[in-house]
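Every number in this text was worked out from the coordinates using simple rules, so none of it is lab data. Not measured: the values here are computed from a predicted model. So basically every Cβ, Gly included, is an ideal-geometry build from the backbone, and we count neighbours across all protein chains shown.
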Amino acid sequence: MDTSPRPESRKPVTITSLRNMYKKGEPIAMLTAHDFPSAYVADSACMDMVLVGDSLAMVALGMNDTNAVTLDDMILHCRSVSRAAKSAFVVGDLPMGSYEVSPQQAVQSAIRLVKEGFVQGVKLEGGVDYAPAIQAITTAGIPVVAHIGLTPQRQNALGGFRAQGKTVAGALKLLEDAYSVQEAGAFMVVLEAIPAEIAAIITQKLHIPTIGIGAGNGCSGQVLVQVDMTGNFEPGRHLPKFVKKYADVWAESKKGIEQYRAEVKTREYPAKEHTYAISEELVAEFQKIVDAQEGKSH
């Protein structure tokens with residue numbers, strides 16, 4: 001029996017309710033969305049948090065990686081998502097190039113995401129090096145989700161999409177990053193592509209929730225990219241090891257579209273039930289007038 005709350009009865013998720021979930025040990029469910037429909041379904045399915053991830057560069061805009069997406073792109077998509085998410089806590093990604101130059105730049109970009117994109121919080125990648133940016137944004141009154149481990153915006157510096165923290169030195173660096181973003185005021189931190197045991201230890205050492213993506217079950221919550229977990233992508237596309245495919249939206253959509261095409265070709269669609277009724281008398285009168293006009297023109 002489904003005991004999840006109905007969307008219409010849900011109270012909006014706030015930073016306070018997220019902290020309460022964390023204190024109670026209730027896992028936090030986060031999912032990405034990139035437009036109104038994907039946010040609407042995530043909100044209807046009672047997601048606690050919706051992340052407008054810069055992954056939309058690939059899944060919605062056809063770019064090769066996240067680095068090409070701009071702050072203006074993110075604002076447009078955040079605005080679309082925020083219109084649909086009536087209960088979930090919406091977080092928008094600060095894209096590459098919008099926060100690295102200075103803490104002041106980070107604050108200006110975060111303010112734009114909140115004021116123009118209508119998000120409730122922002123996420124940025126980086127640990128110790130970006131603590132000043134996190135501190136500046138939180139001082140401006142904007143909640144920050146930090147992101148450490150595999151940080152896709154810095155894949156070139158990391159040598160590609162590789163798991164992080166697989167050595168003692170690497171794990172200690174992650175813990176240092178985690179402490180640093182916590183101290184800077186982040187209210188939550190995403191741990192990406194980290195061995196489960198390391199992520200669990202880091203989670204235990206912090207007093208803010210961790211959200212895992214490829215970081216095992218010891219985190220305070222989980223996040224996945226919606227198109228990955230719903231199977232809404234072309235066959236043969238590489239999926240990260242940590243993705244579990246919960247549906248096959250691509251196959252279902254393709255099947256329906258192929259059937260539509262076939263029925264158009266055979267004139268099976270539209271059938272009578274898909275058309276608007278009109279009396280035979282009116283049709284006959286219209287035909288008569290048209291025929292008469294045609295007779296005069298010749």
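Please name which of 68, 235, 106 has its Cα lying farthest along the dipole of the chain towards the positive end, using unit charges on Cβ (Lys, Arg +1; Asp, Glu -1) and the Cα centre as origin.
106
Taking the Cβ of residue 75 as the centre, find all other residues whose Cβ is under 14 Å away and add up their charges (Lys, Arg: +1; Asp, Glu: -1).
On the way: positive: 79, 83, 112, 115; negative: 35, 54, 72, 73, 93, 116.
Cβ neighbours under 14 Å give a net charge of -2.
Is there a quick way to get the dipole size of segment 1-102? I mean about its Cα centre, with the Cβ of Lys and Arg at +1 and of Asp and Glu at -1; what is the value in debye to the nearest 20? The partial results should precede the final answer.
Values: 9 positive and 12 negative charges, 128 e Å.
It works out to roughly 620 debye.
Could you please report the charge total around residue 211, scoring K, R as +1 and D, E as -1 over all other residues with beta-carbon less than 11 angstrom from its beta-carbon? Please report the intermediate quantities before stating the final value.
Numbers: positive: 123; negative: 48, 192.
Value of the local net charge: -1.
Starting from the Cα gyration tensor of segment 220-298, take the square roots of the eigenvalues, sort them a ≥ b ≥ c, and report rounded, prolate or oblate (rounded when a/c is under 1.5, otherwise prolate if a/b is larger than b/c, else oblate). Provide the component values of the computation, followed by the final result.
Values: a/c = 4.64, a/b = 3.74, b/c = 1.24.
Judged from the Cα gyration tensor, segment 220-298 comes out prolate (a/c at least 1.5, a/b above b/c).
I need to check one value: relative contact order of the chain, counting alpha carbon pairs closer than 8 Å and at least 6 residues apart, in percent. The partial results should precede the final answer.
Working: 523 pairs, mean separation 38.7, N = 298.
Across the chain, relative contact order equals 13 percent.
With a ≥ b ≥ c taken as the square roots of the eigenvalues of the C-alpha gyration tensor of segment 108-202, please select rounded if a/c is under 1.5 and otherwise prolate if a/b is larger than b/c or oblate if it is not?
On the way: a/c = 2.33, a/b = 1.77, b/c = 1.31.
It comes out prolate by the Cα gyration axes.
Which pairs, out of 166/205; 86/115; 23/245, put more than 20 Å between their alpha-carbon atoms? Before the final figure, lay out each step's value.
Numbers: 166/205 18 Å; 86/115 17 Å; 23/245 30 Å.
Table pairs above 20 Å Cα-Cα are 23/245.
How big is the charge dipole of the chain about its Cα centre, in debye rounded to the nearest 20, if each Lys and Arg gets +1 on its Cβ and each Asp and Glu gets -1 on its Cβ?
Values: 29 positive and 33 negative charges, 146 e Å.
Here the size comes out at about 700 debye.
What percent antiparallel are the DSSP beta bridges of the chain, to the nearest 5? Kindly include the intermediate steps, with their values, before the conclusion.
Values: 1 of 30 bridges.
Looking only at bridges with both residues in the chain, the antiparallel portion is about 5 percent.
If you count, for each residue, the other Cβ atoms within 10 Å and average over each peptide, how do 173-180, 248-255, 234-241, 45-52 line up from highest to lowest? Let's see the in-between values first.
Details: 173-180: 19.4, 248-255: 13.2, 234-241: 8.9, 45-52: 23.1.
The packing order, highest mean first, is 45-52, 173-180, 248-255, 234-241.
What net charge is computed for the residues neighbouring residue 132, neighbours being all others with C-beta under 13 Å from the C-beta of residue 132, Lys and Arg scored +1, Asp and Glu -1?
Working: positive: none; negative: 100, 129, 183.
Local charge sum for residue 132: -3.
Is the shape of segment 7-252 best called rounded, prolate or oblate, per the rule: a/c under 1.5 gives rounded, else a/b larger than b/c gives prolate, else oblate, with a ≥ b ≥ c the square roots of the Cα gyration tensor eigenvalues?
Working: a/c = 1.21, a/b = 1.12, b/c = 1.09.
Rounded, because the longest to shortest axis ratio a/c is under 1.5.
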